[in-house]
Amino acid sequence: MNGPHDLGGQHGLGPVAPETDEPLFHAEWEKRALGITLSCGAFGAWTIDESRHARENVAPATYLSASYYEIWIRALETLLARHGFVSAAERETGQWLEQGAAPKRVLKAEMVPAVLAAGGPCDRPLAAPAAFRVGERVRTKNFNPQTHTRLPRYARARIGTVEAVQGSFVFPDDNAHGKGENPQWLYTVVFDAAEIWGEGADPSLTVSIDAWESYLDHT
Amino acid sequence: MQHDDHHHHHDDHDNHFSEMQARVKALETVLTQKGLIDPAAIDAIVETYETKIGPRNGARVVAKAWTEPDFAEWLTRDATAAIASLGYTGRQGEHMRAVFNTPETHNLIVCTLCSCYPWAVLGLPPVWYKAPPYRARAVIDPRGVLAEFGVTLPESIKIRVWDSTAELRYLVIPERPSGTEHLDAERLADLVTRDAMIGTGLVSSSGDVR
């Protein structure tokens, strides 16, 4: 979707403003937001791709002014309601009002080290050979789906070079919408800045994306 | 006037924070009542990222790459396995790639679409990494971004920006500063900053550059 999250190349957002001696958390609620988000992810009810898409769907004005933990919480509220775990009424009252969905698992404290150490690998074997090879010139697709995609707007309909074939991975554009993992080959594709930004681009700059096979065409 | 504006801004900020505090508290309360979360698990997650998983992990990877050519070669070929050999695995580090700065090329990591970051080696991302200005500008004006970190690179150095659009997580291996030949890996790791491993910093022999 062409949402507020797709930020590459936007102007007017101000300085980066790195903090000196930045604390790991800026408020107690951020700690809880981190833990709640990861704990609910462990339910096994949605994928990382669905959760990213829920974040992209935070209203643009809110998205651009919120901290990232706030974006997480707003998206989590959406996911918990969508999957029947916590209704809007329960969220607003902070009270258990109805029997909701049952998760595949509840993350207990003793499970945390193993769960974090395992992570969630999303490489998947694929029998079909890769369609593109290293060094090949490719053109990215021009599309504007209302659904989830990981091809940023700035890198659509651009010609670049395949720098690496990275293996085969879960395809987020499908997986975010419950259409299955449908793995595809993944490529690192590098572009000259002039191809992306045109006139006035930094001549010393190249930018790469990691692109699933269906994002690419032969030139 | 200026002081009043500043004060007013802080009031808004604090109000918003207490609003979020209440919002998150309500969510945690109902999730706990329903038996869907274990508050102790939240504590354990927070403690893990406060005390166990942070940029020190990545700094040890960098120092080992500087001191052991075989390890640097392994990082180039299979960064996930090389990094796992030091015990750094798991969430947001499942598929690692190491990119090496050279005298010709400087690498910079960003996630323009969300907040992808190599947690297993760098811990939780800083606020600026997840915020719109960095995500917007890193791919179009990296030199301007670097200047805000106090880093100015000669025009002759190429800049390569890696947008983390998939599940590969990138770690920049900065250049080893001169004058550090006498230091062992532990002392070298002390010099390696988080920002240097994102690409928004350089490593200096005195460790004084962020």
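The values are calculated or read from the model by the stated rules, or taken from the named source; none is laboratory data. Just so we're clear, the structure is a prediction, and the values are computed from it rather than from any experiment. Methodologically, a virtual Cβ is constructed for each residue, glycine included, from the backbone with ideal geometry; neighbour enumeration extends over all protein chains shown.
Please work out which one of (1) of a type in the set (Val, Ile, Thr); (2) over 16 Å from B:GLY199 (Cβ atoms); (3) in the same structural domain as B:PRO177 (by TED's automatic domain parsing) is the condition B:VAL62 fails and give its number.
The number of the failed condition is (2).
Could you list, in sequence order, all residues of the stretch B:116-157 that are within 30 Å of A:SER168 (Cβ to Cβ) and of a type in the set (D, E, K, R)?
Taking the stretch B:116-157 first, the residues within 30 Å of A:SER168 (Cβ to Cβ) are B:116-125, B:129-130, B:135, B:138-139.
Scanning the stretch B:116-157 gives B:LYS130, B:ARG135.
Residues in the stretch A:177-197: is at least one in contact with a strand residue (DSSP E or B) (Cβ under 9 Å, 6 or more places away or on another chain) and basic (Lys, Arg)?
No, the conditions are met nowhere in the stretch A:177-197.
Given A:GLU110, A:GLU92, A:GLU98, which one is touching an Asp or Glu at 6+ places or on another chain (Cβ under 8 Å) and surrounded by fewer than 17 Cβ atoms within 10 Å (Cβ to Cβ)? Can you show your working first?
Details: A:GLU110 fails: touching an Asp or Glu at 6+ places or on another chain (Cβ under 8 Å); A:GLU92 fails: touching an Asp or Glu at 6+ places or on another chain (Cβ under 8 Å).
When all the criteria are applied, what remains is A:GLU98.
Give me the helices (runs of 4 or more DSSP H) completely within the stretch B:123-196, filtered to those with at least 2 residues that are aromatic (Phe, Trp, Tyr), ordered by residue number.
The helices (runs of 4 or more DSSP H) meeting that bar are B:127-130.
Residues B:THR112, B:THR67, B:THR152: which one is modelled with pLDDT of 95 or more and in contact with a Leu (Cβ under 6 Å, 6 or more places away or on another chain)? Outline the logic, then answer.
Details: B:THR67 fails: in contact with a Leu (Cβ under 6 Å, 6 or more places away or on another chain); B:THR152 fails: in contact with a Leu (Cβ under 6 Å, 6 or more places away or on another chain).
When all the criteria are applied, what remains is B:THR112.
When you scan the stretch B:160-186, how many residues do you find that are surrounded by fewer than 21 Cβ atoms within 10 Å (Cβ to Cβ) and either without any contact (Cβ under 8 Å) to a residue 60 or more places away in the chain or polar (S, T, N, Q) (or both)?
Going through the stretch B:160-186 one residue at a time, the tally reaches 7.
When you scan the stretch A:154-171, do you find a residue that is closer than 17 Å to A:GLY9 by Cβ and within 11 Å of chain B (Cβ to nearest Cβ), even just one?
Checked the stretch A:154-171: at least one residue is closer than 17 Å to A:GLY9 by Cβ and within 11 Å of chain B (Cβ to nearest Cβ).
Restricting the stretch B:49-92 to residues that are of a type outside the set (D, E, K, R), within 12 Å of chain A (Cβ to nearest Cβ) and not in a helix (DSSP H, G or I), which is farthest from A:LEU24 (Cα to Cα)?
So, considering only residues that are of a type outside the set (D, E, K, R), within 12 Å of chain A (Cβ to nearest Cβ) and not in a helix (DSSP H, G or I), the one farthest from A:LEU24 (Cα to Cα) is B:GLY87.
Taking A:PRO18, is it more than 7 Å from chain B (Cβ to nearest Cβ) and not polar (S, T, N, Q)? Can you show your working first?
Details: more than 7 Å from chain B (Cβ to nearest Cβ): no; not polar (S, T, N, Q): yes.
Criteria not met by A:PRO18.
Only one of (1) more than 10 Å from chain B (Cβ to nearest Cβ); (2) in contact (Cβ under 8 Å) with a residue 60 or more places away in the chain is not met by A:ALA81, so which one is it?
Single failed check for A:ALA81: (2).
Yes/no matrix, rows are residues, columns are (1) facing chain A (nearest Cβ under 7 Å); (2) of a type in the set (A, V, I, L, M):
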{"residue": "B:LEU124", "(1), (2)": "yes, yes"}
{"residue": "B:TYR129", "(1), (2)": "no, no"}
{"residue": "B:LEU153", "(1), (2)": "no, yes"}
{"residue": "B:LYS158", "(1), (2)": "yes, no"}
{"residue": "B:ARG169", "(1), (2)": "no, no"}
{"residue": "B:ILE173", "(1), (2)": "no, yes"}
{"residue": "B:GLU186", "(1), (2)": "no, no"}
{"residue": "B:THR193", "(1), (2)": "no, no"}
{"residue": "B:ALA196", "(1), (2)": "no, yes"}
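Could you check how many residues of the stretch A:196-216 are surrounded by 15 or more Cβ atoms within 10 Å (Cβ to Cβ) and more than 12 Å from chain B (Cβ to nearest Cβ)? Show your work before the answer.
Applying the first criterion (surrounded by 15 or more Cβ atoms within 10 Å (Cβ to Cβ)) to the stretch A:196-216 yields A:196-197, A:201-202, A:204-216.
After this cut, where a residue has to be more than 12 Å from chain B (Cβ to nearest Cβ) as well, the list is A:214, A:216.
Of the residues in that region, 2 qualify.
Scan the stretch B:93-122 for residues that are within 8 Å of chain A (Cβ to nearest Cβ) and in a helix (DSSP H, G or I) and report the count.
Final tally of qualifying residues: 1.
Please go through (1) of a type in the set (Phe, Trp, Tyr); (2) surrounded by fewer than 21 Cβ atoms within 10 Å (Cβ to Cβ); (3) within 10 Å of chain B (Cβ to nearest Cβ) for A:PHE143 and return the number of the only condition it doesn't satisfy.
Of (1) of a type in the set (Phe, Trp, Tyr); (2) surrounded by fewer than 21 Cβ atoms within 10 Å (Cβ to Cβ); (3) within 10 Å of chain B (Cβ to nearest Cβ), only one is false for A:PHE143: (3).
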